[in-house]
Each structure stands twice: as structure tokens, then as C-alpha cells.
Amino acid sequence: MNKRPALLVLVVLLLAAGCTKKDASTTGAPAAAPGATPAASTPAPAPGTPVAPPAVKPVPAQLPDVVARVNGEDVSKSELEMAVKTLEER
């Protein structure tokens, strides 16, 4: 008797079970952040309530000559300023 098909099915089932994500509601209590106490944590927003995006940091008065590197290429201060002016004109 050949056991390969049964072994193959078993391996596929184990891999599928290991790849499933479990959200906090199915695993019991949600995991707390390291160092956080339950009293200090913020309450979770109600379902369906939009979450506010994080606050945007203001641009510093003095920008460095190279403000970013994208795919190994430098983005200069002048390129960034031109892009901002183009967007502001729209």
C-alpha cells in the first residue's frame, strides 16, 4: 500500500493550518503592548468608527541638500520644492 497520497494530504493540511491568521477576538484577550498597563491603554474605537490618521509633522525651516533616497537615487531639496510648488498650483 502506498502511503504517499495520505502523507501529502497531511502535509498540505498542516501547512494550511499554520498559515491561517487569527484575530484578537478568536484568541481570547488581546495582547498588550510591552510595558503598557491596562489602565494606561487607550480604549478601542467602536466598530465602524473611522480612525484618525497620525498627525503630520511640520516641514523644518532648513532642509538638507538630500531629503530622501528612493531606489538608491537621491531626491534633492530643489526637486522636492518644485514638486510641492507644482502641487500647490493645482
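Looking only at residues in region 46-61 that are under 30 Å from L80 (Cβ atoms), open to solvent by less than 100 Å² (accessible area, probe 1.4 Å) and under 21 Å from the mean Cα position of the chain (by Cα), which one is modelled with the highest pLDDT?
A55
Specify which of the listed residues (P5, P43, P34, P64) is modelled with pLDDT of 75 or more, loosely packed, with under 10 Cβ neighbours inside 10 Å and out of contact with any Pro (no Cβ under 9 Å at 6 or more places or on another chain).
Working: P5 fails: modelled with pLDDT of 75 or more; P43 fails: modelled with pLDDT of 75 or more; P34 fails: modelled with pLDDT of 75 or more.
On inspection, the qualifying residue turns out to be P64.
Output the residues belonging to region 67-89 that are open to solvent by less than 60 Å² (accessible area, probe 1.4 Å) and more than 25 Å from the chain's Cα centre (by Cα). Break it down into steps so the answer makes sense when it comes.
Taking region 67-89 and keeping what is open to solvent by less than 60 Å² (accessible area, probe 1.4 Å), we get 67-68, 75-76, 83.
Answer for region 67-89, where residues must be open to solvent by less than 60 Å² (accessible area, probe 1.4 Å) and more than 25 Å from the chain's Cα centre (by Cα): S76, A83.
The values are calculated or read from the model by the stated rules, or taken from the named source; none is laboratory data. This is a predicted model, so every value here is computed, not measured. Don't worry about glycine lacking a Cβ; one is built from the backbone with ideal geometry, like all the others, and counts go over all protein chains shown. What goes into the accessible areas is simple: the full protein's heavy atoms, side chains included, and nothing from ligands, DNA or RNA. Shrake-Rupley method; radii C 1.70, N 1.55, O 1.52, S 1.80 Å.
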